[in-house]
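The values are calculated or read from the model by the stated rules, or taken from the named source; none is laboratory data. Note that the structure is predicted; figures quoted are calculated from it, not measured.
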Amino acid sequence: MASNNLTPAAPVDGGDWRATLNADLRPRNVEKIFEALKRDLQISGPDGVQELKIIAELFEEKMYAAATSESDYLHKISLKTLPVKQTSPFSVPSSLLPDWSSRYYRAELLSDSML
């Protein structure tokens, strides 16, 4: 399991926004990311759920590290957890959709291009 490094970072030069972040905000955001992944990827079973939790933690850590302010951090997470809305009246058969649970998709989710 991924290390749970969800405590605020020590201030850098006395002005790091992370030092003033509410301690319960990061775990709540991990839970929101987890719920969004669970909703969008529809993975079931204890192994799939545990893997989604790990992905949610890693994703939150990446957003936390990349953010330049608390509002930037919240903005990055909110953009990534918005549900994907279907804009076309035509539906695509699930057999033609990519396997969102594949290792490639998880790697892409955590890649720098997703910031």
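A few comments on the model shown:
- Unmet criterion (only one of (1) modelled with pLDDT under 90; (2) within 16 Å of the chain's Cα centre (by Cα)) for residue 65: (1)
- Looking across 26, 39, one residue alone is of a type outside the set (A, V, I, L, M), modelled with pLDDT of 90 or more and in a helix (DSSP H, G or I). It is 26.
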